[in-house]
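Below is one structure, written out as structure tokens; comments come after it.
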Amino acid sequence: MSNSPKISRRSALKYAGAAAFGAAATYAGMKLFPQRESSDGASPSGTREPQHVRNSKNKTDMKVLLVNGSPHKTGCTFTALSEVASALEKNGVKTEILWLGSEPVSGCLGCGICRSTGLCVLNDSVNAVAEKVSEFDGFVFGSPVHYAAASGFITPFLDRLFYSAGKRFACKPGAAVVSCRRAGSTAALEQLNKYFTICNMPVAPSQYWNMVHGNSPDEVRKDLEGMQTMRTLGQNMAWLLKCIAAGKAAGVDLPAYEARVATNFIR
Ligand SMILES: Cc1cc2nc3c(=O)[nH]c(=O)nc-3n(C[C@H](O)[C@H](O)[C@H](O)COP(=O)(O)O)c2cc1C
């Protein structure tokens with residue numbers, strides 16, 4: 001059976017032109033902002049790290065991108081991501097939080113053009129991030145739970161990002177965090193973790209599955225276990241990044257992968 005695209009290249013390019021024309025969310029226009037670090041060492045939850053963590057002289061040049069896939073710029077997902085970012089910063093890793101915005105994000109057109117270009121024909125935030133992957137050592141993708149799944153913003157974003165630029169993520173640690181009012185968190189988390197494990201990315205762990213519960217940032221901050229889970233995730237990701245860097249420095253090469261074998265179930 002052929003792998004012919006579901007839409008023609010001509011119509012994909014036409015669509016892309018229209019999308020580019022109307023694209024509000026180019027990288028330059030996106031709200032990329034460095035994570036603020038509180039001056040007294042207190043995290044957004046108000047808790048304080050032990051002295052040895054705050055004073056550790058373990059600054060690195062490493063940087064993690066945290067993507068907020070909620071329509072709410074500073075909502076519950078942001079609150080969770082901020083806690084992860086704060087722990088990363090305290091462990092010497094720089095962070096940036098990127099909000100995907102509240103404009104609709106197109107799904108993958110399945111045109112296959114990215115296989116030859118490495119970029120999506122829809123020239124929006126997906127390409128902007130794809131072109132910056134090399135600048136980051138790790139990635140955290142955050143989403144609110146919408147109907148027991150990841151949001152309709154981050155799902156198409158990640159589909160297109162990983163379909164067009166998945167190879168660039170190999171060997172870079174990833175983690176997903178989700179925020180929900182009550183249920184569906186593990187399903188959404190499992191969905192997001194799938195992007196990492198199909199792209200040779202080590203998955204950073206925590207002490208519990210990476211979820212917070214709440215309908216508002218205040219409620220999330222009251223989820224003390226959830227917030228601690230976020231801090232532990234940040235610590236673990238920093239540790240993983242340092243282990244990988246130490247391995248490289250000691251001559252442990254990154255894996256050289258075989259040429260991809262792709263079989264389907266129709267023979
Ligand atoms: C369309 C929609 C669907 C939702 N579905 C769920 C759900 O399945 N389970 C749940 O616990 N909360 C659900 N919620 C609540 C949000 O997941 C929860 O309020 C989340 O913490 C909001 O995060 P945010 O402020 O970053 O957007 C839903 C909210 C919306 C808007």
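Considering only Cα-Cα distances, which of the following residue pairs are longer than 19 Å: LYS63/LYS90; LYS59/LYS167; LYS94/LYS132; LYS63/LYS172; LYS59/LYS90; LYS59/LYS248? Result: LYS59/LYS167 exceed 19 Å. Label point of THR74 set 7 angstrom out along Cα-Cβ; within segment 178-217, amide nitrogens under 12 Å from it belong to 217.
Scalar couplings 3J(HN,Hα) for segment 161-177, obtained by applying the Karplus form with A = 6.51, B = -1.76, C = 1.60 to θ = phi - 60°, are 5, 6, 5, 8, 9, x, 4, 5, 8, 4, 6, 9, x, x, 7, 10, 10 Hz; x denotes Gly and Pro.
Taking packing as the residue-averaged number of other Cβ atoms within 10 angstrom, the listed peptides 186-197, 155-166 run from highest to lowest as 155-166, 186-197. The modelled label-to-label distance between SER102 and VAL261, using points 7 Å beyond Cα along the C-beta direction, is 5.0 nm. Kindly list the residues of segment 133-156 that lie in the label zone of CYS171, defined by a backbone N under 15 Å from the point 7 Å along the Cα-to-C-beta vector. Label zone hits: 134-138. Near MET211, the amide H atoms lying under 5 Å from its own belong to VAL178; only residues 5 or more places off or on other chains count, and H is placed 1.01 Å from N. Placing R0 at 30 angstrom, the Cβ-Cβ distance between TRP239 and ASN123 gives a FRET efficiency of 0.25 after rounding to 0.05. Model label points for LEU254 and GLU131, set 7 angstrom from Cα along the Cα-to-Cβ axis, are 2.1 nm apart. Can you bin every Cα-Cα distance in segment 171-267 into 10 Å intervals starting at zero and give me the percent of pairs per bin, rounded to whole numbers? Result returned by the calculation: 14, 34, 27, 16, 7, 0.
A short reminder: the numbers here are calculations on the coordinates, not readings from a lab. Note that the structure is a prediction, hence the values are computed from the model and not measured. No Cβ is skipped: glycine too gets one built from the backbone with ideal geometry, and neighbour counts run over all protein chains shown.
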